[in-house]
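The values are calculated or read from the model by the stated rules, or taken from the named source; none is laboratory data. No experiment lies behind these values; they were computed from the predicted model shown. Here the Cβ positions follow ideal geometry from the backbone for every residue, glycine too, while neighbour counts run over all protein chains shown. Please note that ligands, DNA and RNA were not included when accessible areas were found on the heavy atoms of the full protein model with its side chains. Shrake-Rupley method; radii C 1.70, N 1.55, O 1.52, S 1.80 Å.
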Amino acid sequence: MNRPLTLRLAGAAVASALAVTLVPVTASATIGWEPGAFAFPEGTLSEHMSRMVVDDDGDRHVVFRDAAFDLKLVEIPATGQAEPPVTLSDSDVSGSAIYPELVVDAEDRVTVVWQANDRGAASVMARTVAPDGTLGALHTLSRAGEMAYRPQVALDTAGVATVVWPVEGGFQAADDTLQMRRLDTTDDTAPAPVVVLDAPQGPAPDYAYVRSPALAVDGEDRVTVTWVRDAGGKERQASLRALRVAADGTPGPTATVSDAATTRLDLPEVAVAPDGTATVVWTGFTPSPRTWVNRLAPADGSPGEPVVVSAAGTTSVDDAVVTVDPQGRATVAWQALDATGVTMLHTRRLAADGALEAVRPTLGPIALTTGRFGMFDAAADAAGRVTVGFVGAESAGPRIHAVRIGEDGTASTTHRLGRTGTFGGFDEFLDVGVDAGGRASVAWVLDGAVRVRRSMPPGALVSADTLVLAGPAEGGATTDTTPTFAVEGDTVQSTLECRIDAAAWGPCSSPWTSPALALGRHLFEARATDADGTAADATPAARTFTVTRATPPPGPSRACREARADLAQARKRVQRIKRSDLPPRVKRARLQTAQQKVVRAQRAVRRAC
């Protein structure tokens, strides 16, 4: 995926909905996930400026910005511990790094590009890291004095990185431009000169805008570039443009990909088949939000007719993603609201010849509250299986989910991979990558740490897993004789069984409250069962705890008791003096002294008690 994906949800929320639309599960779509999520580096991330790519060997390469605004790269091997991170950019030297993107070649050479903000200007930077961690030269790709932002990068088989970025012309009272530069990452020589791909002219006094570039490389090292052009003026006529860059870096002609009636659109995505057929997806907002697709011919990159892929009666919710498998089949994923306001994650596949299959509701409903952001990404393996990762809200809080779509288009059960934070910013991060062996990795951010979880090898035995989220702590004590536990299985479709002290298993739901328990030690167990009821968790989640008698609160200390007794005596003396027949002058003097002793006694009580 070429950029962070965030979805702005419109319409009614279904925050309490937990029902799931089940889809057929086939062996080809079955997927399991390794237990636990790798976390690195704990508590050090600044916002969510992170990206991940997976190489053919299954190593995960993650770029992130730390709390000092320095950009760093870490390798998480398929086996073993993570390598120490390398610093790509020092914020004190080259400015604050934002919007990083990265690519990796067959030799594990990683190239990272990013936007650097420094003293009111924005530049596009690039750096290559060798497999042994050696840093290459730090390149400034954009031209001095320009406001260049949000670069995108693609890498061909020869190791040439093509970097594309918009330049904000309004910064200099001019129209925007779309620029490109190519960098040979194998020898780290100086980049090729800047090439302007698009320079629209807006009607005075308005300026034309260029935004949201995306790019992908085909099997012949040709790069397909797409972007949104806004002609400016009062009508704000936006169109989706595309061109193909030849293997030698020569740009081809620009073509319009979107239809003439859609004048508001954003965030295109592009994926290219080995034969060069490019599939472009985007969301058009006129006359209503819908997900569109167009295919560019392999020979010359000329576009076909744009087609709506979203289902009738639904409203697309912002951006879509697309991935293409080695067989040339494209899978499009997007979120949509149906007529009842339920948010569904939809997928639709295009055959290699462009024929559209039926829309499939992969999971629904995803209960996200109005104004929150959902995210998702997708990646295809060599066999044509597509893994989709996404954020969905549940009663226990937001969860990272994953589902696999098999070669025949049917979906697996939907797995919960882990918790995630409350979403609401524009930099949130979720990436999916697949290695040469078909194992998928999903990365996200939680509590200032990148979390990465990897699927099991294709064909591995998959069984249910269970997690206790809340309740008496393991080995802890409680005075509650009917403790409550929160439990969930690792798949949305799984059912739960619970028991106390080795009693018979019985169906349960979360939260689950136990029957009244006697004082003493107890064992709570919960297990998840797959949707078909045949694969119960062989290692149930368990909590051992002790129910104890409530201890009465401790009485006052000895010093407190003595201070209270002194105060009581002082108050009694005041009363005796008031009732006495002493002469008035003597009585007033003794009463004043006694009242002062009361004040001192009150202070002593406050100190002791």
Note on the range 89-139: residues open to solvent by less than 30 Å² (accessible area, probe 1.4 Å), over 20 Å from residue 191 (Cα atoms) and among the β-branched types (Val, Ile, Thr) are 98
Of everything in the range 464-505, what is surrounded by 15 or more Cβ atoms within 10 Å (Cβ to Cβ) and at positive phi? Give them in sequence order. 471
Within the range 506-530, which residues are open to solvent by 60 Å² or more (accessible area, probe 1.4 Å) and assigned to a loop (DSSP other than H, G, I, E, B)? 509, 511, 515, 516, 518, 519
Restricting to the range 263-278, what's the tally of residues that are open to solvent by less than 10 Å² (accessible area, probe 1.4 Å), farther than 18 Å from residue 156 by Cα and in contact with a Lys or Arg (Cβ under 8 Å, 6 or more places away or on another chain)? 0
When only residues in the range 435-455 that are farther than 19 Å from residue 74 by Cβ and surrounded by 24 or more Cβ atoms within 10 Å (Cβ to Cβ) count, which is modelled with the highest pLDDT? 440
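Considering 550, 594, which residue is small (Gly, Ala, Ser) and within 30 Å of residue 470 (Cα to Cα)? Before the answer, list the steps.
Numbers: 594 fails: within 30 Å of residue 470 (Cα to Cα).
Exactly one residue qualifies, and that residue is 550.
Just to be sure before I move on: is residue 513 touching a strand residue (DSSP E or B) at 6+ places or on another chain (Cβ under 9 Å) and β-branched (Val, Ile, Thr) in the structure I sent?
Values: touching a strand residue (DSSP E or B) at 6+ places or on another chain (Cβ under 9 Å): yes; β-branched (Val, Ile, Thr): yes.
When the stated conditions are applied, residue 513 passes them.
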Residues that are without any contact (Cβ under 8 Å) to a residue 60 or more places away in the chain, at least 3 per element: which strands (runs of 3 or more DSSP E) completely within the range 90-169 meet that? 96-104, 110-118, 121-129, 160-167
Looking only at the range 245-262, which residues are within 28 Å of residue 184 (Cβ to Cβ), surrounded by 20 or more Cβ atoms within 10 Å (Cβ to Cβ) and without any contact (Cβ under 8 Å) to a residue 60 or more places away in the chain? none
Can you tell me which residue within the range 532-565, out of those that are of a type in the set (S, T, N, Q) and open to solvent by 70 Å² or more (accessible area, probe 1.4 Å), is modelled with the lowest pLDDT? 534
Determine whether the range 543-563 contains at least one residue that is over 30 Å from residue 606 (Cα atoms), part of a helix (DSSP H, G or I) and charged (D, E, K, R). no
